[in-house]
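In what follows, a single structure is set out as structure tokens and then discussed.
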Amino acid sequence: RRQFQLDRERRDVSDISPALLEAWFLGRNESPATRQTGINRLSALFSFCKRLGYVSENPLDRVDRVRVPNVAPEILSVDDCQALVQTAERIDPGMLTYLGLALFCGIRPDEALRITAKDIKLERGLVFLDAEKSKVRNRRIIELTAPAKRCLEKGGPVPAVNFKRRFNRLRREAKIQHWPHDALRKTAASHFYNVYGIDKAVEQLGHSAGVFLRVYRELASKEETARWLAL
């Protein structure tokens, strides 16, 4: 009976043309990278539905993937980083802890919000990121940089309530004119290249070398990294 019901309710999506889907994605006025991410996610949904027998095929299989230009990453300047730290210390110590994890350890924003005091071992200079708290479900042990230790020593608990509002306030008060995409992690990654070299840098970030070189690294000078480490 269940199989009969599934067969009766199965949707035939073969008449959904690639042109229709492509027009829908183009109408969203998104960047090529965001559009490709949307295509991937919708394709994963249709693949899931196909496995369960809800649809006869995945219409995204007939849609051309977007060519995403290889744009050089942008990072925050050392002066921007200093402004963030000083502002957080003045108006919101919890954000100082968040900066220690995200800006100076390169931990992903969502991962940083899941970290609690028991995960941070200041005396050992380590942060333990359990698999269930990791985006990629892999356990990581992350070394604290010198500025990360100083932020964590002075900071309060990472904000669990109204985080977005508090973070936006921090950015406004710090008077940073330009905020690149994924600014905190990309800034940390660029300096990690000078601090650790590529092998240790990708271990800290939890990424492959290829992704690191393509997405996260901008060539910060050694002089800039020395200033960053001194914050």
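The values are calculated or read from the model by the stated rules, or taken from the named source; none is laboratory data. Not measured: the values here are computed from a predicted model. Note: ideal-geometry Cβ built from the backbone for every residue, glycine included; neighbour counts use all protein chains shown. Surface areas here come from the heavy atoms of the whole protein model, side chains and all, with no ligands, DNA or RNA. Shrake-Rupley method; radii C 1.70, N 1.55, O 1.52, S 1.80 Å.
If I ask for residues that are assigned to a loop (DSSP other than H, G, I, E, B) and surrounded by fewer than 18 Cβ atoms within 10 Å (Cβ to Cβ), which ones from region 219-231 would you list?
Leu219, Ser221, Ala230
Those residues that are within 25 Å of His181 (Cα to Cα) and either among the aromatic types (Phe, Trp, Tyr) or touching a residue at least 60 places away in the same chain (Cβ under 8 Å) (or both), I need them from region 16-65; list them, please.
Those that are within 25 Å of His181 (Cα to Cα) and either among the aromatic types (Phe, Trp, Tyr) or touching a residue at least 60 places away in the same chain (Cβ under 8 Å) (or both): Trp24, Phe25.
In region 173-201, which residue that is charged (D, E, K, R) and more than 16 Å from the chain's Cα centre (by Cα) is most open to solvent (accessible area, probe 1.4 Å)?
The extreme case among them is Lys175.
Considering only region 141-151, I want to know if a residue exists there that is open to solvent by 10 Å² or more (accessible area, probe 1.4 Å) and farther than 25 Å from Ala83 by Cα.
Taking every residue of region 141-151 in turn, at least one turns out to be open to solvent by 10 Å² or more (accessible area, probe 1.4 Å) and farther than 25 Å from Ala83 by Cα.
For every residue, the table says whether it meets (1) in contact (Cβ under 8 Å) with a residue 12 or more places away in the chain; (2) within 16 Å of Gln204 (Cβ to Cβ).
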residue: Ala88; (1), (2): yes, no
residue: Arg108; (1), (2): yes, yes
residue: Leu113; (1), (2): yes, no
residue: Ala117; (1), (2): yes, no
residue: Leu122; (1), (2): yes, no
residue: Val127; (1), (2): yes, yes
residue: Ala131; (1), (2): no, no
residue: Arg139; (1), (2): no, yes
residue: Glu143; (1), (2): yes, yes
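For region 50-60, which residues satisfy the criterion of being assigned to a helix (DSSP H, G or I) and closer than 18 Å to Leu20 by Cβ?
Filtering region 50-60 down to residues assigned to a helix (DSSP H, G or I) leaves 50-51, 59-60.
Passing the criteria: Pro59, Leu60.
Condition first: modelled with pLDDT of 95 or more and either out of contact with any Leu (no Cβ under 7 Å at 6 or more places or on another chain) or of a type in the set (Val, Ile, Thr) (or both). Can you find one or more residues in region 102-115 that meet it?
Checking region 102-115: at least one residue is modelled with pLDDT of 95 or more and either out of contact with any Leu (no Cβ under 7 Å at 6 or more places or on another chain) or of a type in the set (Val, Ile, Thr) (or both).
May I ask you to list the residues in region 61-78 that are modelled with pLDDT under 85 and open to solvent by less than 60 Å² (accessible area, probe 1.4 Å)?
Scanning region 61-78 gives Val63, Val66, Pro73.
Among the helices (runs of 4 or more DSSP H) contained in region 99-218, which hold 3 or more residues that are closer than 20 Å to Leu231 by Cβ?
146-154, 163-174, 183-196, 198-205
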